[in-house]
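The values are calculated or read from the model by the stated rules, or taken from the named source; none is laboratory data. Keep in mind that what you see is a predicted model, and the values were worked out from it rather than measured. Cβ placement follows ideal geometry from the backbone for every residue including glycine, while neighbour counts extend to all protein chains displayed.
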Amino acid sequence: MTNLQMPKVEKSIISNKDKIVSDICKIVKEENILSHNDEIKPYETDALAAYKQTPLVVVLPETIEEVSAVLKYCNENKIKVVPRGAGTGLSGGSLPLADCVLLAMGKFNKILELDYKNRCVVAQPCVTNLAITNAVQDKGFYYAPDPSSQIACSIGGNVAENSGGVHSLKYGTTTNNLLGIQVVLMDGTVVRFGGKAMDSEGYDFLGLMTGSEGLLGVITEVTVKILKSSEVVKAALVGFPTIEDAGNCVAQIIAQGCIPAGMEIMDKALTKATNDYSKAGYPTDAEAMMIIEFDGTEHEVESYIDKAKIIAEKNNSSSLKISKTKEERLKFWAGRKAAFPACGVLAPDYMCMDGSIPRGKLAEVLKEITRLSKKYDLPVANAFHAGDGNLHPLIMFDANNEESLRKTEEFGAEILKYCVKVGGALTGEHGVGIEKRELMCEAFNNTDIQQQLTIKVALDPNSLLNPGKVYPILRKCAEEGRVHVHGGKTKFPDIPRF
Amino acid sequence: MFMEEKQNFQTFQDFSKTTLKPVSLADISSIVIECYKKNIPLEICGLKSKKNIGRNFQAEKTLDLSNYSGIIEYKPEELYIKVKAGTPLKEIKLELDKYNQQLAFEPTDFGPLFSGKSNEGTIGGVIACNFAGPRRFKVGSARDHVLGFQGVNGKGEIIKSGGTVVKNVTGYDLSKILSGSFGTLAVLTEISIKVLPKSPSNKTLVIENPHLIKAMDYLGLALSSSSDPSGGVFYPEYFRKYFTFNDLTTDGAITAIRIEGPSDSIDHRINKLCKELQIQNNEIAVLEPEQSNIFWEKTKSLQVFSELKNNLLRIVNPPSETFEVISKLKIFKIKYFVDWGGGLIWVQLDNISLQALKEIKKVIDNASGYITVIKIEENLKASIDVFTTDPIKYKITEKIKKSFDPKRILNPGKMYSGI
């Protein structure tokens, strides 16, 4: 997997490093430029730690004017730029290139305005996702998208990746909760898309930029919607004798007109691992374990829980527990969030996939994963954001065994291809980055990809901004695509994920 | 980077006509290819419900998609429907009704305004124009409900983006840039849209006779409340004649707030909301589901403008600016109503001049909002900006237009001169 082709390294840029550093010194403070090997080493990777590359130089701008001037300088001198937020991305979106300026936005870390009248927060891009909720929760508000890494991931990175979370079915992903951004384009142009109004004029550049993985512009300011917290939130923990029963239950809950705030399914392998690891108290006899969360007013939540209960029983639920207190509800979730570290105990390594599928295809896809697990002779555990169709299979293997790693890569690619085949997507929330780049041809034909590349070229004619990401360099589609965790040692092991 | 894919459909036989009515994707593609080769500008239309919105422009041919119609796939349990772009909204709604589902963004019905009777148009037009109704502040706009699309760009190439699943971050989100592009980037051919269950019930809290400033307070508080409203409007006194309901006792201005959900939770939420709003000097009434539905249907279809002869502006600004904006616009003798809980102002002007429009635009610019001219006297249309933008965004708009439609043959000039 590490043999992925990256854009050609410009030797002239490398040999010109001293001049480039001294030129950038005229734009940003000297202490905000890191060029010594020891200084740039921490920036060699993001959370897709299997890929490493130190950049030519790391620049930490403090103002929008500096961002603009650095980009303008790099554009004029044909120097590649890779933007970076908190570095928690799982698809290698901010992997540096040997001849790039890594534009690390870490100093843009302030919340600029809490505007309750317009129900929004204006923040700099490196404010963490959770910090936004923390800033407004005393007034009973919160920011809806909640990727599991929310304590560390940056809001600018969320915009770049269009991050989701467990509540996406009801509350949408970043793109549905964003009101405005300020962006600097590769030529240094500073522009605002959207603002505090609910819609913005002309083409929806805000929508285009969201999820563009740092290829179209560098985000320097973000305005997000905040919502009033629900009166009541309750969760149910339900066990099912088969995955099909759990899948049918999900479909019928939705068909009844209930939109839960979140629905999570774990298979038996993962439930067992979690129980062993964190004493989560999940039903161990069940083939599938589901958490359903409802929010709203007391009456509303009670009425939905009653409906869900009847539907679960109709679908042969073997156990059902409803949270009585906030603590109990959080305990249901805590077990789920510990599920992945729990897998680290079962095998030396695991690879986490991120496919999106139609909810109704869950049983079919899990059956296929079980078949592939036998074919490759590698154990697998499955977590599924059932509400929004986002599947996270974890393939367990031993990276010290080359054959095991190769098989895992093939296995992972086959899963993602199957997700596309049943009408899903290659990536639900981790982004394409470099990780799934070569699989893009599974989802799109050449015309589709060319249209997207034409947009890239329109805004960045020399393809200098985050090149080598998202779109395949070669026509050939290789077998790539996963997150690799070795010995439980991921880049930020303490951050909850997925 | 890639080998050029050849898409050589030569299936459309009747290119000589001025209005071309394709029935297949291959037809649409071959028409655009032909126009691309010969530099023929095309006007794209469906049921023409929004034909009058936008700048006037010259097109040699009309690409009428009304025959490219039909539901391709509807999966109620997966919460999506995939349709051909020319499918009438009416047909989609009838199908969704069978499963008690809906397009939650409540597309605006411009029929009463332009033709005196309902005409919701086609789904392609709804998405291409991206106008959402009262529920917008809660569920998003049309663009938030597009999961994926297939379309034909200005070179006649068939392109797609997105899919049918809610979570999908594979490549640029082109569904967004096409939504609200008024057919200037590509001809939409197929659209997958997120559908949602209809609420079991709804009621509307009506506060009678509030002053505008108080009304804006009520709406702001309601939208910031956990009672979770799904509609919030203010109608001044002169529009009251459109809302004669048994339960309303006065003739004055009204603020209306819609609450949706299971019926037993609605009363609880309305009571809670009344306490939060601390309504003291105003009468209140509650519209029961049937009347409530009529009320919002009228709002969504701009009934109060059904007799409007001349000019209508649509102003979107941060809700906190709405009172100030309306106060400043009063010198232009406007009639207006406020939707989206304060985020949208519909402004009727019986008389308008270029100078007045310029001054209005300045007020809106200062309020960080924008104007779309929905209807205007024909003699003024050529001289005004229907859609506004700034020079930097115009430059980017030009580049994006070129990347989809390099020869400017799709609805050229519909949004901006030169686009």
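Rundown of residues vs (1) at pLDDT 90 or above; (2) over 26 Å from the mean Cα position of the chain (by Cα), yes/no style:
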{"site": "A:238", "(1), (2)": "yes, yes"}
{"site": "A:242", "(1), (2)": "yes, yes"}
{"site": "A:263", "(1), (2)": "yes, no"}
{"site": "A:279", "(1), (2)": "no, yes"}
{"site": "A:307", "(1), (2)": "yes, yes"}
{"site": "A:310", "(1), (2)": "yes, yes"}
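Among the residues of region A:326-353, the one identified as more than 21 Å from residue A:275 (Cβ to Cβ) and either free of Cβ contacts under 8 Å to residues at least 12 places away in the same chain or among the basic types (Lys, Arg) (or both) is A:326. Please tell me if residue B:248 is within 22 Å of residue B:138 (Cα to Cα) and not small (Gly, Ala, Ser). For residue B:248, the condition - within 22 Å of residue B:138 (Cα to Cα) and not small (Gly, Ala, Ser) - is not met.
The number of residues in region B:144-189 that are closer than 26 Å to residue B:108 by Cβ, more than 7 Å from chain A (Cβ to nearest Cβ) and assigned to a loop (DSSP other than H, G, I, E, B) comes to 4.
Annotation note: Cβ proximity below 7 Å between a residue of region A:116-132 that is within 20 Å of residue A:193 (Cα to Cα) and a residue that is assigned to a helix (DSSP H, G or I) and among the small types (Gly, Ala, Ser) (sequence gap 6+ or interchain) occurs for A:118/B:320; A:121/A:135; A:125/A:156; A:126/A:156. As for region B:335-349, it holds no residue that is surrounded by fewer than 16 Cβ atoms within 10 Å (Cβ to Cβ) and not polar (S, T, N, Q). Residues satisfying the criterion are present in region B:337-354 (criterion: among the β-branched types (Val, Ile, Thr) and away from chain A (no Cβ under 13 Å)). One residue stands out in region A:347-369 among those that are more than 23 Å from residue A:435 (Cα to Cα) and of a type outside the set (A, V, I, L, M, F, W, C): the one that is surrounded by the most Cβ atoms within 10 Å (Cβ to Cβ), namely A:359. Looking only at residues in region B:114-134 that are within 14 Å of chain A (Cβ to nearest Cβ) and among the small types (Gly, Ala, Ser), the one that is farthest from residue B:387 (Cα to Cα) is B:133.
The residues listed here are B:272, B:241; of these, the one that is more than 19 Å from the chain's Cα centre (by Cα), within 11 Å of another protein chain (Cβ to nearest Cβ), in a helix (DSSP H, G or I) and over 30 Å from residue A:195 (Cα atoms) is B:272. Out of A:300, A:328, one residue alone is touching a helix residue (DSSP H, G or I) at 6+ places or on another chain (Cβ under 6 Å), among the acidic types (Asp, Glu) and within 25 Å of residue A:145 (Cα to Cα). It is A:300.
Screening residue B:138 with (1) in contact with a helix residue (DSSP H, G or I) (Cβ under 8 Å, 6 or more places away or on another chain); (2) within 10 Å of chain A (Cβ to nearest Cβ) gives one miss only, at (1). Mind counting the residues in region A:352-388 that are assigned to a strand (DSSP E or B) and at the interface with another protein chain (Cβ under 10 Å from one of its Cβ atoms)? Adding up the residues that qualify gives 3. For region A:461-483, a residue qualifies if it is more than 10 Å from chain B (Cβ to nearest Cβ) and either crowded, with 23+ Cβ neighbours inside 10 Å or modelled with pLDDT of 90 or more (or both), and the qualifying residues are A:462, A:463, A:464, A:465, A:466, A:467, A:468, A:469, A:481, A:482, A:483. Just one residue in the set A:306, A:295 is surrounded by fewer than 24 Cβ atoms within 10 Å (Cβ to Cβ) and touching a helix residue (DSSP H, G or I) at 6+ places or on another chain (Cβ under 9 Å); that residue is A:295.
If the condition is being within 13 Å of residue B:204 (Cβ to Cβ) and either buried (at least 18 other Cβ atoms within 10 Å of the Cβ) or free of Cβ contacts under 8 Å to residues at least 24 places away in the same chain (or both), then region B:236-260 contributes B:243, B:248, B:254, B:255, B:256, B:257, B:258, B:259, B:260. Taking into account only those residues within region A:161-177 that are facing another protein chain (nearest Cβ under 8 Å), closer than 18 Å to residue A:123 by Cβ and not β-branched (Val, Ile, Thr), which is surrounded by the most Cβ atoms within 10 Å (Cβ to Cβ)? It comes out as A:161.
Just one of the numbered conditions (1) buried (at least 17 other Cβ atoms within 10 Å of the Cβ); (2) in a helix (DSSP H, G or I); (3) touching a helix residue (DSSP H, G or I) at 6+ places or on another chain (Cβ under 8 Å) is not true of residue A:430: (2).
Sort out which residues of region A:384-399 are in contact (Cβ under 8 Å) with a residue 60 or more places away in the chain and crowded, with 24+ Cβ neighbours inside 10 Å, and write them in order of number. Matches in region A:384-399: A:384, A:385, A:386, A:387, A:388, A:390, A:394, A:395. Within region B:209-235, the set of residues being crowded, with 19+ Cβ neighbours inside 10 Å and not small (Gly, Ala, Ser) comprises B:210, B:214, B:216, B:218, B:219, B:223, B:228, B:229, B:233, B:234, B:235.
Of the residues in region B:191-207, not one is in contact (Cβ under 8 Å) with a residue 24 or more places away in the chain, surrounded by fewer than 20 Cβ atoms within 10 Å (Cβ to Cβ), over 30 Å from residue B:28 (Cβ atoms) and more than 14 Å from chain A (Cβ to nearest Cβ).
Listed by position, the strands (runs of 3 or more DSSP E) enclosed by region A:1-117 that each have at least 2 residues that are buried (at least 18 other Cβ atoms within 10 Å of the Cβ) and either in contact with a Cys (Cβ under 8 Å, 6 or more places away or on another chain) or of a type outside the set (A, V, I, L, M) (or both) are A:80-84, A:100-104.
All of (1) in contact (Cβ under 8 Å) with a residue 40 or more places away in the chain; (2) buried (at least 20 other Cβ atoms within 10 Å of the Cβ); (3) more than 13 Å from residue B:246 (Cα to Cα) hold for residue B:265 with one exception: (1).
Filtering region A:178-205 down to residues that are assigned to a strand (DSSP E or B) and more than 22 Å from the chain's Cα centre (by Cα), which residue is nearest to the other protein chains (Cβ to nearest Cβ)? So, considering only residues that are assigned to a strand (DSSP E or B) and more than 22 Å from the chain's Cα centre (by Cα), the one nearest to the other protein chains (Cβ to nearest Cβ) is A:191.
Of all the residues in region A:206-263, those that are away from chain B (no Cβ under 14 Å), polar (S, T, N, Q) and in a loop (DSSP other than H, G, I, E, B) number 1.
Does residue A:415 satisfy the condition of being within 30 Å of residue B:401 (Cα to Cα) and at pLDDT 90 or above? So residue A:415 fails the test. Note on region B:318-416: enclosed strands (runs of 3 or more DSSP E) holding 3 or more residues that are of a type in the set (Val, Ile, Thr) are B:370-375. Residues to consider are A:405, A:391, A:439; find the one that is part of a helix (DSSP H, G or I) and under 24 Å from residue A:157 (Cβ atoms). The conditions single out A:439.
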